[in-house]
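Heads up, the thing below is written out as structure tokens.
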Amino acid sequence: MGESNTKVIVNSWNEWDPLKHVIVGRADGCCIPPSEPASDPKVPKDSDMRGMHGPRSKESVDKANAQLDYLANLLQRQGVRVDRPEPIDFNQVIATPDWQHGSMFGCQPPRDVILTVGSEMLEASMSYRSRWFEYLCYRPLLQHYYESDPNMRHEAAPKPRLTERSYKLDYLSEDISMDERLDMVAVKNFVTTEEEPLFDAADVLRFGKDLVVQHGFTTNLKGINWLARHFPNHRVHPVNFPGDPYPIHIDATFTPLRPGLIINNPERRLPDDQRSFFERNGWEILDAARPAHNEPPPLCYSSVWLSMNVLMVDEKTCCAEASEVHQLDQLDRLGFNVLPVPFRDAYPFGGGLHCATTDVYREGRCENYFLNCKIEDRLA
Ligand code: DAV
């Protein structure tokens, strides 16, 4: 650590301040992992991914990488510094003393794994066995930031055991109908148990002093409570979205675009009692535009709602998927300068433009955007 170097490398408090430095994922070596208790219930019965596993084809990796590189270049042209993770051999058996699993996943969606809050980059616990070691791909970057920036905090959540006790095995039945699934999520009955804290970083949205965290398949209440204790100067708000049969990650469901404005997936509306917290603080929640596609691309875990998985370059400038004509139009009408990015070939590798990135540096400080916040709005 050079004493002369007091440069701030890591700083990001929200989803919309001017972006100056970001990590963009890579598709290299990505695998479809064998099934496991956490992933099974989110692969629909009729999905082309049922029973599939192994490395993805070279052709699909090359196409995804071309779009990831396009995004990286476009951001660089906007004055954003771009770093990339270091893939490891994902197609190998991994094990802890508790379990063994046939392969890893990849290092495409950095947003799932690393949560940046202020000067801190936190490695999420994760909730899939196949993603237990994914942080290793980001370690070279995080170590470098840590060594260059004396105020950077490199943190890691407790690694979960992920034994069978962390999952509801009866959740796996193929006989559960879609209506039954929707009833289950409406009463917050999810595949993960409360055995230990679990969270994926992509279940967290940053609004300055407030962190909004989705309770669902990949993040449990103990995970949300762990985040609240870990960030004692923040208010942490658990939210859930009853219309989503497979609630993993908040960023195709609820997307803040700038202070005061959020788009919400109209099939997964925030319940009224949770909505009132935003509205009484002057935030408008609009229905997001419909996706332009009826189906996700082949071998994709995510839904068509990656249409709303946009990346804000600043509070006026937004990267959105190039074929999502309705979403592009809505953003345009809301007054944003929209940068279209072709990205559907990258979707199967773990998500859209927000997923594919994680913030290192945005200008700005920790602001309080919710002045009308009651004590009961803060998770104990
Ligand atoms: O709608 O499938 C995808 C979120 C990916 N980070 C969905 C959620």
- For the stretch 267-307, the count of residues that are small (Gly, Ala, Ser) and at positive phi equals 1
- Message: Criterion first (farther than 27 Å from residue 270 by Cβ, among the basic types (Lys, Arg), out of contact with any helix residue (DSSP H, G or I) (no Cβ under 7 Å at 6 or more places or on another chain) and in a loop (DSSP other than H, G, I, E, B)) does residue 188 satisfy it?
- Response: no
- Just name the residue that is farthest from the ligand (Cβ to nearest atom) out of those in the stretch 217-241 that are of a type in the set (Phe, Trp, Tyr) and closer than 19 Å to residue 191 by Cβ. 226
- Query: Which residue pairs have Cβ atoms under 6 Å apart, sit 6 or more places apart or on different chains, and have a first residue in the stretch 197-216 that is under 10 Å from residue 235 (Cα atoms) and a second that is among the charged types (D, E, K, R)?
  - Reply: 208/367; 210/235
- For the stretch 127-158, how many residues are surrounded by fewer than 19 Cβ atoms within 10 Å (Cβ to Cβ) and polar (S, T, N, Q)? 3
- Task: Taking residue 209 as the residue in question, decide whether it is in contact with a Leu (Cβ under 9 Å, 6 or more places away or on another chain) and farther than 17 Å from residue 157 by Cβ.
- Result: no
- Task: Report, ordered by the first and then the second residue, all pairs with beta carbons closer than 7 Å, sequence separation of six or more or different chains, a first member in the stretch 159-179 that is surrounded by fewer than 10 Cβ atoms within 10 Å (Cβ to Cβ), and a second member that is part of a loop (DSSP other than H, G, I, E, B).
- Result: 174/45
- Item | Selection from the stretch 242-286 of residues that are part of a loop (DSSP other than H, G, I, E, B), within 16 Å of the ligand (Cβ to nearest atom), of a type in the set (S, T, N, Q) and under 17 Å from residue 211 (Cβ atoms) | 253
- Test: residue 361 is part of a loop (DSSP other than H, G, I, E, B) and among the hydroxyl-bearing types (Ser, Thr, Tyr): no
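Bear in mind these aren't lab numbers, they're just calculated from the coordinates by the rules spelled out. Since we're looking at a predicted model, the values are computed, not measured. Every residue, glycine as well, gets a Cβ built from its backbone with ideal geometry; the counts of neighbours run over all protein chains shown.
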